[in-house]
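The values are calculated or read from the model by the stated rules, or taken from the named source; none is laboratory data. Fair warning: this is a prediction, and the values are worked out from it, not measured in the lab. Ligands, DNA and RNA are excluded from the accessible area calculation, which covers all protein heavy atoms including side chains. Shrake-Rupley method; radii C 1.70, N 1.55, O 1.52, S 1.80 Å.
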Amino acid sequence: MKKVIFDTNIYGNIAIEDTGFDIAKNLSKNNEIIIYGSDIIEEELQRVPEEKTLRGRKFKEIIHYLYYTIIKYRLKTSPLIDYLAEMYLELYKDKIKKEKIKKDNWKNILVDFRIVALASLKNLDVVFSNDDRTMTSNLCIKIYKKINKENSLRTPEFLNYLDLKKRWFQ
């Protein structure tokens, strides 16, 4: 059984599917995976604009419903998770070009790193995300592996929404 966490964008991908509610129910009943939620994801979901709609319904309500239908357990962050995320961020800042620093939104990057730190410290198998610009970029994965190895942590596998669809629903 795989222990996984979804980045916030995965819930959005499920929401825009015509069969999103069925997908959520099927994922919640799936015995091959345990999908974890987190206060980090919940904070991001709270920032979904109230006025955004999908098929005549508030998108925020849809995405919250999907989230709470899909997750089996909820993980909470800790100072250790924040510390590990900061370690990723410091190494990331050292590795990227100076001109890119001004363009990147450090707060959003830190949220991504907190999700990966949580997954690493809680020994989750997979992080699903479509964020290939930062969270699942080759550079970031190298950073996670380096920092995690130094701290005797296993780095989770990174898969995207298409991988999720191929593996657990069609």
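Here are the numbers for the structure shown:
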| quantity | calculated |
| --- | --- |
| Surface share of carbon and sulfur [accessible, 1.4 angstrom probe, percent] for region 1-72 | 49 |
| Entries of LYS25/LYS165; LYS25/LYS52; LYS3/LYS93; LYS52/LYS107; LYS60/LYS166 with Cα pairs more than 18 Å apart | LYS25/LYS52; LYS3/LYS93; LYS52/LYS107; LYS60/LYS166 |
| Among beta bridges that DSSP assigns inside the chain, antiparallel share in %, nearest 5 | 15 |
| The chain: DSSP helices with Cα axial extent of at least 20 Å and average Kyte-Doolittle hydropathy no lower than 0.5 | 106-121 |
| Accessible area per residue, Å², the chain with all protein chains present, probe 1.4 Å | 54 |
| Relative counts (whole %) of C-alpha pair distances in the chain, using bins that are 10 Å wide | 10, 39, 34, 15, 2 |
